[in-house]
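Presented below is the structure to which this report refers.
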Amino acid sequence: MNLSLKEKQQLRSVIELIVQNPELAKKLFVDIKTKSSTQKLGALEEIAPLIRLVYNYESSTTKSNYIHSIKNITDTLTNNDVKKLVFSTLNAQEINSRNLSAHL
């Protein structure tokens, strides 16, 4: 599936939410979980494995394990644009975390 610029921007926003706030993402995706398929979800279909990860997220999960799971799942995605979006988001999150730690 070729993604338009708008779809890439929307996916980037969703991916940022998944990476930065999995508990909120889980709450937002509850309605999606009740549907039998993600095929009706347009571009979100491309990140269905990440959405399933969010469904199973527990607050006791360590951040490092969660990020590791995201990376493993991303490696299995078939859309290279989506892979780039996820890894770009993860890299930005890592940089922001380091910068925040340096200022504390």
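Please state the charge dipole magnitude for segment 5-103, taken about the Cα centre, from unit charges on C-beta atoms (+1 on K and R, -1 on D and E), reported in debye and rounded to the nearest 20.
Details: 14 positive and 10 negative charges, 15 e Å.
With only Lys, Arg, Asp and Glu charged at Cβ, the dipole is about 80 debye.
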Applying the Karplus parametrisation 6.51 cos²θ - 1.76 cosθ + 1.60 with θ = phi - 60° to the phi angles of segment 66-79, what ³J(HN,Hα) value in whole Hz is obtained for each residue in order, glycine and proline being reported as x? 5, 5, 4, 5, 4, 4, 4, 5, 4, 4, 8, 5, 8, 8
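Evaluate 2.2 N^0.38 Å with N set to the residue count of the chain, then give the Cα radius of gyration divided by it. Write out the running numbers ahead of the final one.
On the way: Rg = 13.8 Å, N = 104, 2.2 N^0.38 = 12.8 Å.
Normalised by 2.2 N^0.38 Å, the Cα Rg of the chain equals 1.07.
Between N99 and E23, what is the FRET efficiency for a Förster distance of 22 Å, r being their Cβ-Cβ separation, to the nearest 0.05?
Details: r = 23 Å, r/R0 = 1.05.
The pair N99/E23 has a calculated efficiency of 0.45.
Percent of Cα-Cα pairs more than 16 Å apart in segment 54-104, please.
Working: 641 of 1275 pairs.
Counting pairs separated by more than 16 Å, the tail of P(r) holds 50 percent.
Take the Cβ-Cβ distance between S60 and N2 as r, set R0 to 41 Å, and report the resulting FRET efficiency rounded to the nearest 0.05. Don't skip to the end; give the middle numbers.
Working: r = 39 Å, r/R0 = 0.95.
Efficiency, rounded to the nearest 0.05: 0.55.
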In the chain, what is the count of Lys pairs whose alpha carbons are under 17 Å apart, counting only pairs at least 8 residues apart or on separate chains? 10
7 Å from Cα along Cα→Cβ at both T78 and N91: what's the point-to-point distance in nm? 2.6 nm
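Readers should treat all values here as calculations from the given coordinates under stated rules, not as data from a laboratory. Because the structure is a prediction, the values reported are computed rather than measured. So basically every Cβ, Gly included, is an ideal-geometry build from the backbone, and we count neighbours across all protein chains shown.
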